[in-house]
Structure formats: structure tokens, C-alpha cells
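These notes are about the structure you will find just below.
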Amino acid sequence: MPIVTLEIRGTDLPGRNCDPKPGGLPYENIHVGIARRTETVELAPGDAPSVRREFNVEVREGDDGAFDFRGPFVSGRRGERYGAAMGDRRRRRRVHRVPRCQVQALGAGS
């Protein structure tokens, strides 16, 4: 099964402290990281100027010719998979939308 390396670059991070919804307590000591299965790993301070993380993804080509992405940094159902989130769930990156020609150029397709 071919493996490709994906890179996430985070900029304009949330800062070390921020206010929640009105009436709530402020969030403190904020860090960002990437999601690996059910945990967040490779943490960086939320006030860092930028963050860069790499992770490997396994690529399979299905009988229907569509690519499927797997690994500890990939979540979601087939056809809806996304790569490791950095910081929060709003920043998920859909890996199933990677163009076929790019996957093939990486040597992961036939």
C-alpha cells in the first residue's frame, strides 16, 4: 500500500488565551496540535507565529477507481475522510478531495 506524506501549516493561531461564549470563563494556556485517533499530539503554544506538521497517509485505490486514505491521522467514512485537524474541528482538511493527478504524481495510484 503506497504511503504519502501530508503537511499542515498553521498560521494566525488563536493565542494563549481567548474568551469563550458570553458569560463563560476564558480559555487559558491554549495549545494546538494534530489529531491522531482520539488524542491530540505534537502540541505547540497557541501564540506561536506558525506551526508545521507532517504525517503519513496510506493510499488505496478501490475497485471503483476511487482513492481511499487511511492511517492514524485520518478520520471519517470512506469518501468523507479528512486529515489531522490542527487546533479545532473547523480546520479539518478533506483528503478525499486531493485531485487524482496529484495522488498519481506521488506514486500512489496506478
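In terms of modelled amide H atoms, which long-range or inter-chain residues lie less than 5 Å from the amide H of Arg36?
Here the answer is Val41, since their amide H atoms fall under 5 Å of that of Arg36.
Determine ³J(HN,Hα), in whole Hz, for all residues of the stretch 26-37 in sequence, where each value follows from phi through the Karplus function 6.51 cos²θ - 1.76 cosθ + 1.60 and θ = phi - 60°; x replaces Gly and Pro.
x, 7, 10, 6, 6, 10, 10, x, 10, 7, 10, 6
Divide the volume of the convex hull of the Cα atoms of the stretch 13-83 by its number of residues and quote the answer in cubic angstrom per residue.
Values: hull volume 8.5 nm³, N = 71.
Output value, Cα hull per residue: 120 Å³.
Enumerate the amide H contacts of Arg81 below 5 Å, restricted to partners 5 or more residues apart or on another chain; note that Pro and chain-start residues carry no placed amide H.
Answer set, sorted by chain and number: His96.
Kindly rank 23-32, 39-48, 67-76 from highest to lowest mean number of other beta carbons found within 10 Å of each residue. Kindly include the intermediate steps, with their values, before the conclusion.
On the way: 23-32: 11.5, 39-48: 14.2, 67-76: 18.6.
So the order, starting with the most tightly packed, is 67-76, 39-48, 23-32.
Around Leu43, with a cut-off of 13 angstrom between Cβ atoms, what is the net charge of the other residues, counting Lys and Arg +1 and Asp and Glu -1?
Details: positive: Arg16, Arg36, Arg53; negative: Glu39, Glu42, Asp47.
Neighbour charge sum, excluding Leu43 itself: 0.
7 Å from Cα along Cα→Cβ at both Asn17 and Ile30: what's the point-to-point distance in nm?
If labels sit at Asn17 and Ile30, their model points lie 1.3 nm apart.
On a full-extension model of 0.36 nm per residue, what is the gain between Thr38 and Asn56, subtracting their alpha-carbon distance, rounded to one decimal in nm? Can you show the working numbers first?
Details: separation 18, 0.36 × 18 = 6.48 nm, distance 1.69 nm.
Stretched out fully, the Thr38 to Asn56 stretch lengthens by 4.8 nm.
Whole-Hz Karplus ³J(HN,Hα) for the stretch 39-55, in order, using 6.51 cos²θ - 1.76 cosθ + 1.60 and θ = phi - 60°, x for Gly and Pro?
3J(HN,Hα) across the stretch 39-55, in whole Hz: 10, 9, 10, 6, 5, 9, x, x, 9, 5, x, 6, 9, 10, 9, 10, 8.
Report the gain in length on full extension from Ile3 to Asp68: 0.36 nm times residue separation, minus Cα-Cα distance, nm rounded to one decimal.
Gain in length upon complete extension: 22.2 nm.
Tell me the net charge near Arg60. Cut-off is 12 Å between Cβ atoms, Arg60 excluded, with +1 for each Lys or Arg and -1 for each Asp or Glu.
On the way: positive: Arg70, Arg78, Arg81; negative: Glu58, Glu61, Asp63, Asp64, Asp68.
Once positives and negatives cancel, what remains is -2.
None of the figures in this text is laboratory data; all of them are computed from the coordinates on show. Fair warning: this is a prediction, and the values are worked out from it, not measured in the lab. Every residue, glycine as well, gets a Cβ built from its backbone with ideal geometry; the counts of neighbours run over all protein chains shown.
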